[in-house]
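Below is one structure; the comments refer to it alone.
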Amino acid sequence: QVQLVESGGGLVQAGGSLRLSCAASGRTFSNYYMGWFRQAPGKEREFVAAISWSSGDTRHADSVKGRFTISRDNAKNTIYLQMNSLKPEDTAVYYCAARKFWFATTTYEVNNWGQGTQVTVSS
């Protein structure tokens, strides 16, 4: 059974940085594509970034390109989301996501979710 545990959220001022982590356990992830989604109050959950566990290929939403970077550490079974130049509109609960065999860029494609971590960016 896949388990995803996020950490690293918090409160930061606009222009600041945070790094989120997602520790994965429960199975071998070589065929998985991991990612991050976020959900702001009153809004739908949206895609942020994704990475192939095996090749390291990545995808990033246009809204975060040049500011956020997804990466992985295979030895630690952990993925990261480095968030720089944060804006108040980045405030949301950030969820780790997993999908077998290809990138998930919509919520319907995700097989497993983490519990989420809150990121709040003050202006």
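The values are calculated or read from the model by the stated rules, or taken from the named source; none is laboratory data. Since the model is a prediction, treat every value here as computed from it, not as a measurement. Ideal geometry is used to build each Cβ from the backbone, glycine not excepted, and the neighbour counts take in all protein chains shown. Quick note on the areas: whole protein, heavy atoms, side chains included, nothing else; ligands and nucleic acids left out. Shrake-Rupley method; radii C 1.70, N 1.55, O 1.52, S 1.80 Å.
Okay, here's what the table says:
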| read-out | value |
| --- | --- |
| In segment 94-107, the residues that are farther than 14 Å from ALA40 by Cβ, open to solvent by 20 Å² or more (accessible area, probe 1.4 Å) and in a strand (DSSP E or B) | ARG99, LYS100 |
| Residue match in segment 108-121 (condition: within 22 Å of VAL5 (Cβ to Cβ), of a type in the set (A, V, I, L, M, F, W, C) and assigned to a loop (DSSP other than H, G, I, E, B)) | yes |
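Let's see how each residue does on (1) surrounded by 22 or more Cβ atoms within 10 Å (Cβ to Cβ); (2) modelled with pLDDT of 95 or more; (3) under 22 Å from LYS100 (Cβ atoms); (4) in contact with a Ser or Thr (Cβ under 6 Å, 6 or more places away or on another chain):
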site	(1), (2), (3), (4)
GLN3	no, yes, yes, yes
ARG19	no, yes, no, no
ALA23	no, yes, yes, yes
MET34	yes, yes, yes, no
GLN39	no, yes, no, no
LYS43	no, yes, no, no
ILE51	yes, yes, yes, yes
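Here's the yes/no breakdown for (1) under 20 Å from SER30 (Cα atoms); (2) hydrophobic (A, V, I, L, M, F, W, C); (3) surrounded by fewer than 14 Cβ atoms within 10 Å (Cβ to Cβ):
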| position | (1), (2), (3) |
| --- | --- |
| PHE68 | no, yes, no |
| ASP73 | yes, no, yes |
| THR78 | yes, no, no |
| LEU86 | no, yes, no |
| GLU89 | no, no, yes |
| ALA92 | no, yes, no |
| TRP113 | yes, yes, no |
| GLY116 | no, no, no |
